[in-house]
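**Student:** After the structure tokens below, expect a handful of questions from me.
The values are calculated or read from the model by the stated rules, or taken from the named source; none is laboratory data. Because the structure is a prediction, the values reported are computed rather than measured. Ideal geometry is used to build each Cβ from the backbone, glycine not excepted, and the neighbour counts take in all protein chains shown. With ligands, DNA and RNA removed, areas are computed over all heavy atoms of the protein, side chains included. Shrake-Rupley method; radii C 1.70, N 1.55, O 1.52, S 1.80 Å.
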Amino acid sequence: IVVPTAALMRQWSRALQEFQREMTDVLSEMPEIGLRGGGRKDAPDRKYMIYVINSARYELARQILSDLEAGRKVFLIADECHHYTSGENQLIFEFLPHIKENAENFFSMGLSATLPSGEAKQYLNKVLGKCIYRYGIREALSAQTVCGYDVFHIELCFQKEERAEYEELTERIQFTYNSLLKKCPELRNTGRKELYDRLRMLAGNRKSAAAKDAALYLNLVLKRKKTVCLAKARTECAFKLLSLLDAGQKTIVFGERISQTDELFQMLQKRFPGKVGRYHSKMGNTANRNVLERFRNGEIRILLACKSMDEGVDVPDAAVGIILSGTSMQRQRIQRLGRIIRRSESKDRASVYYLHIAETSEDQYFLSEEDDTRVFELEYADGRFRQHIYDQAAEQMLSEAQLRGSSQAALAEIRRCMNRGSVRADWQMDGGAIERKIKEAKTVKEKNYWICMKKIKNIELKYMIC
């Protein structure tokens, strides 16, 4: 089994051990599992061998040939196979031209959440075969492999100086693009990915008259992306959001930049001391393993992560995901969603929050709505979340309480509950489920919250009937 990371190697190892325990009545003995990578260098003579790609590049092809020549059957599983289509990673398939005499003893399978297209897809078809099975979110929801989930799109605004910088960069990008078209008119109708590929080639060609403009265009696009990604509103919104969400749920915050992740970590440490951890490449392997274990066992409940956690990390009881900034990569979107919607006995539904800056080039995460998925549109400004339908029902509930002559303390408690509910989907729950929550509430504040959600739901239903 070949995997891209040591974390995924350990996950496969745990899964194989569990499989072996379930098969104890069938297996005469428990075969050893060998690991190569992440500091492990077990002898490659075990029935099951799991390789991290860095170790597999120069060892695996030779080992597979040796096993086949010895008359053994070999089953190769290339997990996250989209990683093995370029560069030195292709070396793991070097054995293929040399197995004709033993081809009947070789079997292979590739696994990927998102298969690549173009040349990369053609290469995988060549070394692993064509796609034979697809399993999407709709099927997973139907089979209850994953839990139902709610999607929240939260629209943010630039600060004044950020907006000015963004618009200036956009003007310069357009001006540079027009200059490029005069020199290279064939760029006019190309897609974004193809355009960037061509511009990189032009920028590297010193003899090209368009080299300077191509390099400038790419640099300006990167600067604009950084301006959008590091907008101050993102950390402010995430901090406020985490202050309102259920303190009993495990949350993963996905960031794009380590500096942004560290800034949010410092803010949250003051608000939730000892309950927040960081997971990114600059933390080191040992620190990352330790913080992940603390997250799994519940010692910490908020985990801030960068791209190093997009795939290969299994924490099924994480119920909330907050994506600090957008990405155009479908693979990254799906991988992050997959971290949150894994089924677990400790959660009924999951919630995924996508933060995006209004009126920018940033991709918004308008995911296709599945049968069991609800999508909510929110705005965040001036320290408040706004959700149109919810706000109307909540304000009517508050007005009715004022007309009844409720005390200032009671009105303040209603506002607290309304504020918490503004970033959740609790008011959309089935009436019977809300009643159960009211009965099961362990504190007065918790009971008050669910009573408010019941009232807001009833008001919303009146609006729908009207």
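**Student:** Among (1) touching a Gly at 6+ places or on another chain (Cβ under 9 Å); (2) open to solvent by 20 Å² or more (accessible area, probe 1.4 Å), there is one condition Pro273 misses while meeting the rest; what is its number?
**Tutor:** Among (1) touching a Gly at 6+ places or on another chain (Cβ under 9 Å); (2) open to solvent by 20 Å² or more (accessible area, probe 1.4 Å), the lone unmet condition for Pro273 is (1).
**Student:** Moving on. Go through the residues of the range 6-13 one by one and say whether even a single one is out of contact with any Leu (no Cβ under 7 Å at 6 or more places or on another chain), closer than 25 Å to Leu124 by Cβ and at pLDDT 90 or above.
**Tutor:** Within the range 6-13 (the criterion being out of contact with any Leu (no Cβ under 7 Å at 6 or more places or on another chain), closer than 25 Å to Leu124 by Cβ and at pLDDT 90 or above), the answer is yes, since at least one residue qualifies.
**Student:** Please find, within the range 161-183, the residue that is most open to solvent (accessible area, probe 1.4 Å) out of those that are out of contact with any Leu (no Cβ under 7 Å at 6 or more places or on another chain) and farther than 22 Å from Lys226 by Cα.
**Tutor:** Among those residues, the one meeting the criterion is Lys182.
**Student:** Shifting gears a bit: Which residues, taken from the range 122-137, are assigned to a loop (DSSP other than H, G, I, E, B) and either open to solvent by 100 Å² or more (accessible area, probe 1.4 Å) or under 23 Å from Tyr149 (Cβ atoms) (or both)?
**Tutor:** Passing the criteria: Lys130, Ile132, Tyr133, Arg134, Tyr135, Gly136.
**Student:** What are the pairs with Cβ atoms under 8 angstrom where one residue, in the range 43-62, is modelled with pLDDT under 95 and of a type in the set (D, E, K, R) and the other, located anywhere, is surrounded by fewer than 16 Cβ atoms within 10 Å (Cβ to Cβ) and assigned to a helix (DSSP H, G or I)? Sequence gap at least six, or different chains.
**Tutor:** Arg57/Glu88
**Student:** Still on this structure, I have one more. So which of Arg138, Arg192, Arg188 is basic (Lys, Arg) and free of Cβ contacts under 8 Å to residues at least 24 places away in the same chain?
**Tutor:** That would be Arg188, the only listed residue that is basic (Lys, Arg) and free of Cβ contacts under 8 Å to residues at least 24 places away in the same chain.
**Student:** Let me ask you something else. Please tell me if Ser422 is at pLDDT 90 or above, more than 27 Å from the chain's Cα centre (by Cα) and either small (Gly, Ala, Ser) or at negative phi (or both).
**Tutor:** no
**Student:** Which of (1) open to solvent by 30 Å² or more (accessible area, probe 1.4 Å); (2) closer than 20 Å to Glu155 by Cα; (3) in contact with a helix residue (DSSP H, G or I) (Cβ under 8 Å, 6 or more places away or on another chain) is the odd one out, the single condition Arg278 does not satisfy?
**Tutor:** Arg278 satisfies every listed condition except (2).
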